[in-house]
Amino acid sequence: MAKIKLYTQNILEDGTVTVTGTPDTGFPESRLYDRAISLYWKDTVTEAKNFIVDQGATGNVAVDFLAIEKHNFNSEDMQWQWSTDNFSSSINDAVTDWTQGDNNQIIKTLSTALTKRYWRTTLSSMENPKCSEIFMSYGYEFKVRFDSPPRLSDLSNTQWNQTVGGLERSTKLGDNRRVRNYSILLDTSSELDNFRAAMDYLDDYSKPFYIKDHESDYWMCRFQGTPQENPMTDENAITTIDINLIEML
Amino acid sequence: MAKTLSAFTTTKIDSPFVDIVRVVNMEFSGITLNLCDRIWGDAGSECVFNGTLYEPLIVSWDEIRSGRINPVTYEVEPSSAGFSVLNSVSVGGADTFAKLFALYNPHFVTITISEFHVGASAAEDLEDIFKGNTEDFPEMTTDIVSVTCSGFELSITNKFAHDMVDATTYPDADPDDLGKMLPQAYGQAKRVPFMAVDAGWMTSLAQNLTAGVTGNVDFTDVSGMPSSGTIQIDAEQMTYGSKSDANNTLNISAREQNGTDDVDHDLGATVAEIQSDYFYIIGHAVKAFDSVYVEDAQGNQVLQPSGNYTAYTGQSGDEHGSYPGKACIKFTVLPILTKQINVTLSDTKDVDDAITVTDNIAYSSAGANKEIYPNATNATRGDVTNPAYAYDGNESSKCDVGLSDMCSWVFPSTNYGTIATQYLWILIETSGTIHVMDSNNVALGTINSATPQWFRFTKSGGAWSLGIRVDGAVNAVSADVFEIKKIVEYTPTLTKTGGASRGGAATIIGAVTLTGNSVADTVIGGRVSADLQAFQDDGSGTYTGTPNALIERPDHILKHIIIDRCGLTVSEIDSTTYTAAGAFYNTNSYVLAFAILQKPNSRILINEVARQAKSIEAWESGVHKLIHIPDVETTDKSLDGHRIDLEQIFTKYTDRADIKNTFSARYNRHWDGYSNDEEADRDVVTSTNSISVTKYGTLQGDSLSFPHIPGSTQAQAVLDLTKSDLRFPRLGVDFSGGHYLTDLERGDIIEFSNVTVNEGDTPTHLFDALLGLVEMDLHQFRIIDKIYAQDAIKLETIRLNPLYRKNIEGKYNILLQKIIEGKYNIIAPDDWGDGDDWGDSDDWSIG
């Protein structure tokens, strides 16, 4: 059974974020965790960067997911690390250091989630670094029902007009957006609790979040409408939930 | 001519499938935002074009309007645009877009909206479609902020650089000129008024002032007069030693100064302060002065001999020190016009009087004979007693005239008429022969009568007072005179009483001829004006291409207005259309000559200049285009049915009320009236279209004024264009299409063309969509509006009336051109140009 994962919390939002250097006016550090993946943080310098988040002394949450969107870190050396003493002596790689091979979306996941106070991503010195989002989260996994098959489509942003001569012309006004309608199966009450816990991070469904879809693609999305819970048994032993998702650009 | 696009864009718009990005550049004072309406680009360079990162915060667009050109008046509406910005994310260093407004003034932010096709990378691939300023924010919520923008051209409306005559800068200015703009002029402008910036105080006499009177005299306003000095009233100069601003009086100390005559002056007479110099200026330096004038009492500008003044062009080396950079006229004597009475009246008038008088007057006559009596003696000698007894009416009483003595009596002098004869009677008794004379001692005769008897003496003529004298000295006699009288024969003086009335008529014949100078008048400090060669190019020839040349060609004038006067740059001038227009003006010798007397609306001024140069003007994305209108237009683009959207064609005619066929226009203005006065235009041209008159009857157009045009040929050409536009109703076609229309702009010329979808199809799609009113590949249409929607470009067009004007004038036309080009063959030539109903049911056969 294929599964999807929802990453609904970004620890940068509730933690204290520190980034080396001073960003350009209008491109602040807050852009790194505003869930708007087309709005950039950037700095017109040539220097190494550390993106550090401190979750605080209490209330730390688990992390097993890093996403970095719309960056220009191609060929740069990068690290994803955690620490218990703000990287004084406790410096631990969450994943193996890597050299970024392109400017595409960066996704790193942990097989086992870690609950640590300090997390950081490092970037080797480069000219004019920029990226739109750094998202460190915990993924909630759910089973997808194929007896009620997913409905998969794209929402086009192209206007078509017919001419007097009978031809049609198009004006592409933007990229397609993925639209996914899933029915997920929660066959234990704890899974329903997890789902509801995941939803709690969406501020009444007002925020986008990451999904790992049934094809293992990661993308930012939001709900179209609110999830509809369909209890199949008493006491929520089995529940199906219909969720309609649309991609955020 | 259609806009030249980059090769990349040209290729892209030819495709019916476009992938377009629209971006907006917002230049706040202190920060620039680059926003876009979508995501594009490869990983690592998403939303980056030509090195600029754009943020996709534009939620929606309003229609972007280029600004409609009125097909009748050619006035241009300002362009406008609008868009909505996401207001829930941080931007520009503020938490939200709206919060930027607390940091930066959101009004008058420069806005540039541009488009490019995905895949473009070069700067020239970015097509600006709007440039302007933020105007308003009609909707501001936590989600979005709506921004409306007005075109760049609106912001130049009030940018025309000018100086005013104010009391701070020019404390000695004529009060009548305070608050006025220092005039500016282009070309060979005539009678440009100069402002009296230092011409002494002017006021008026507030009382009658008799010759010779001194002391306190009332004036209307003496606040600007020095505490003492010399003034001139009419032609007389006088000095004063003190003044009272509170009472508006000057204490006149001496009259008839500086060789002037002491005369009476009337209340209201003009009073001028006498200075050593008088200065009159306009707002800028000029190339040259041609003539200088001073206005007389009738408002006529009187040419001044060159010795009366000194003129400074204001150019370097020819400036007056007090007025650098400004054309200046200096008089050392107050400019006064005194018209003397050197008038000869030649009067050959006569009166042919046919009046009759009906006289009802009655005569009263004193009679032909009158008896009168003495009333005094005028001389006596010796012993004469009781001389009055001689005229007491008592013939018994007597006057004794002693021995050898004399007495003379006279009569009243009352005149009753002309005396013919008078008979002098005397009743007398004598002691011997006594001599009798008249009272003037002229002998009348003698008497010797021992008893009282009447004697008569006759005297011809004489006075009414003439009396009688008796003198006894010759014969030593005495006499007793009892009574004296005289009877006068005379022609009486008549006295009329009663009334008389006149009847009939009198006729004046002959003529009165006035020779010599005009009536007497004196004008002090009348308006000074000059014929100028006005604005001059700089030493680099920035505006004309020739250093220091006179700026008079329309394109040069517009360039100067936009750059020099409105403070824009050469980048805001479209060199392509300006160059083409300049060549057209050169060929046709088009120039303009005018003055700007009041703070102009720059947009209106620019439009008027273009109009009077037979041209259209429009701002395209902040760049000014000047589109001349030749006699024969060249089609810029031909559109077939594949380029025009289905059910998006709308046809209409111009209003019937706009049909006109008989016109007149005034031109060649004299500018000294300091107002937009059509009466100051000196010449007139007329134009009539006989075919339209035959069709619709005479329809008089409004009287037009082309005050900027100095010559008749140009005025006629502009008027003929108006006639051509209005003589028939014109077909308008509005339609929309894709980005294939990107390169078309207002003023461009298009045609419609049929295209077959399938081989063998009857190509009627577009013809039918145009209701059969448009001849394919023949009728030309001018674009008068362009609107950018997000997925379409909308054009409003107006047909050139019809085909073009040259057919009517019997010269040539577009159709003929096409025939010559081999596009058509004439199968059956028509008697064309002779009352043919072009564009409707023509008799032509064309193959």
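The values are calculated or read from the model by the stated rules, or taken from the named source; none is laboratory data. No experiment lies behind these values; they were computed from the predicted model shown. Every residue, glycine as well, gets a Cβ built from its backbone with ideal geometry; the counts of neighbours run over all protein chains shown. These accessible areas exclude ligands, DNA and RNA; they are computed on the full protein's heavy atoms, side chains included. Shrake-Rupley method; radii C 1.70, N 1.55, O 1.52, S 1.80 Å.
Structural remarks
- Conditions (1) within 13 Å of chain A (Cβ to nearest Cβ); (2) open to solvent by less than 10 Å² (accessible area, probe 1.4 Å); number of the one not met by B:VAL109: (1)
- Under the condition of being under 60 Å from the mean Cα position of the chain (by Cα) and facing chain A (nearest Cβ under 8 Å), the residues counted in segment B:36-56 number 6.
- Scanning segment A:177-199 for residues that are free of Cβ contacts under 8 Å to residues at least 24 places away in the same chain and either under 19 Å from the mean Cα position of the chain (by Cα) or under 15 Å from A:THR226 (Cβ atoms) (or both) returns a single hit, A:ARG196.
- One residue alone among B:LEU721, B:LEU770 is within 14 Å of another protein chain (Cβ to nearest Cβ) and either surrounded by 19 or more Cβ atoms within 10 Å (Cβ to Cβ) or at pLDDT 90 or above (or both), and that residue is B:LEU770.
- Residues of segment B:113-147 satisfying the condition of being in a strand (DSSP E or B) and more than 20 Å from B:VAL59 (Cα to Cα): B:GLU127
Let's see how each residue does on (1) hydrophobic (A, V, I, L, M, F, W, C); (2) surrounded by 17 or more Cβ atoms within 10 Å (Cβ to Cβ):
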site	(1), (2)
B:GLY622	no, yes
B:PRO630	no, no
B:THR634	no, no
B:GLN648	no, yes
B:LYS652	no, no
B:PHE663	yes, yes
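- A:GLU235 being more than 14 Å from chain B (Cβ to nearest Cβ) and either of a type in the set (D, E, K, R) or under 30 Å from B:GLU647 (Cβ atoms) (or both): yes
- Any strands (runs of 3 or more DSSP E) falling wholly within segment B:401-496 and containing at least 2 residues that are open to solvent by less than 40 Å² (accessible area, probe 1.4 Å): B:406-410, B:417-430, B:434-438, B:443-447, B:468-471, B:479-492
- All told, B:SER90 falls short of being within 30 Å of B:ASP14 (Cα to Cα) and either modelled with pLDDT of 95 or more or hydroxyl-bearing (Ser, Thr, Tyr) (or both).
- Selected residue (only one of A:ASP43, A:ASP24, A:ASP54, A:ASP64 is farther than 20 Å from A:ARG222 by Cβ and in contact with a Leu (Cβ under 6 Å, 6 or more places away or on another chain)): A:ASP64
- Of all residues in segment B:270-314, those being in contact with a Leu (Cβ under 8 Å, 6 or more places away or on another chain), surrounded by 21 or more Cβ atoms within 10 Å (Cβ to Cβ) and under 26 Å from B:ASN248 (Cβ atoms) number 3.
- Candidate set from segment A:25-54 (those that are among the polar types (S, T, N, Q) and open to solvent by 30 Å² or more (accessible area, probe 1.4 Å)); member that is farthest from B:VAL89 (Cα to Cα): A:THR46
- Of the residues contained in segment A:210-233, one or more are found to be among the charged types (D, E, K, R) and open to solvent by less than 50 Å² (accessible area, probe 1.4 Å).
- Single condition B:THR214 does not satisfy, out of (1) of a type in the set (Val, Ile, Thr); (2) open to solvent by less than 50 Å² (accessible area, probe 1.4 Å); (3) more than 24 Å from B:ARG669 (Cβ to Cβ); (4) in contact (Cβ under 8 Å) with a residue 40 or more places away in the chain: (2)
- Cross-chain or 6+ apart pairs with Cβ under 6 Å, segment A:88-105 first and free of Cβ contacts under 8 Å to residues at least 12 places away in the same chain, then in a loop (DSSP other than H, G, I, E, B) and open to solvent by less than 70 Å² (accessible area, probe 1.4 Å): A:ASN104/B:ALA43
- Restricting segment A:109-150 to residues that are under 30 Å from B:GLY51 (Cβ atoms) and open to solvent by 50 Å² or more (accessible area, probe 1.4 Å), the residue that is nearest to the chain's Cα centre (by Cα) is A:ASN128.
- Scanning segment B:24-35 for residues that are under 50 Å from the mean Cα position of the chain (by Cα) and either among the polar types (S, T, N, Q) or under 20 Å from B:HIS117 (Cβ atoms) (or both) yields B:VAL24, B:ASN25, B:SER29, B:THR32.
- Note on segment B:17-34: residues that are crowded, with 19+ Cβ neighbours inside 10 Å and assigned to a loop (DSSP other than H, G, I, E, B) amount to 0.
- Residue count for segment B:366-398, restricted to those that are of a type outside the set (A, V, I, L, M) and either within 19 Å of B:ASN475 (Cα to Cα) or part of a loop (DSSP other than H, G, I, E, B) (or both): 16
- No other residue among B:GLY179, B:GLY224 is part of a loop (DSSP other than H, G, I, E, B), crowded, with 17+ Cβ neighbours inside 10 Å and not charged (D, E, K, R) apart from B:GLY224.
- Odd one out for A:ALA2 among (1) of a type outside the set (Val, Ile, Thr); (2) surrounded by fewer than 20 Cβ atoms within 10 Å (Cβ to Cβ); (3) farther than 30 Å from A:ILE184 by Cβ; (4) away from every other protein chain (no Cβ under 14 Å): (3)
- Scanning segment A:151-174 for residues that are open to solvent by less than 50 Å² (accessible area, probe 1.4 Å) and either within 7 Å of chain B (Cβ to nearest Cβ) or within 16 Å of A:GLY225 (Cα to Cα) (or both) gives A:ASN161, A:THR163, A:VAL164, A:GLY165, A:GLY166, A:ARG169, A:SER170, A:THR171, A:LEU173, A:GLY174.
- Qualifying residue in segment A:202-209 (condition: part of a loop (DSSP other than H, G, I, E, B), open to solvent by less than 60 Å² (accessible area, probe 1.4 Å) and either among the basic types (Lys, Arg) or within 14 Å of chain B (Cβ to nearest Cβ) (or both)): yes
- In the set B:GLY151, B:GLY241, B:GLY200, only one residue is open to solvent by less than 40 Å² (accessible area, probe 1.4 Å) and either at pLDDT 95 or above or on the phi < 0 side of the Ramachandran plot (or both); that residue is B:GLY151.
- Here segment B:665-703 is the region considered, the condition is being of a type in the set (Asp, Glu) and within 12 Å of the chain's Cα centre (by Cα), and the residue that is least open to solvent (accessible area, probe 1.4 Å) is B:ASP681.
- Residue under evaluation B:VAL85, criteria (1) assigned to a strand (DSSP E or B); (2) more than 22 Å from B:ASP574 (Cβ to Cβ); (3) open to solvent by 20 Å² or more (accessible area, probe 1.4 Å), criterion not met: (3)
- Being crowded, with 22+ Cβ neighbours inside 10 Å and of a type in the set (Lys, Arg) is a property that B:ARG727 has.
- Considering only residues in segment B:630-653 that are under 30 Å from B:SER589 (Cβ atoms) and among the β-branched types (Val, Ile, Thr), the one that is farthest from the other protein chains (Cβ to nearest Cβ) turns out to be B:VAL632.
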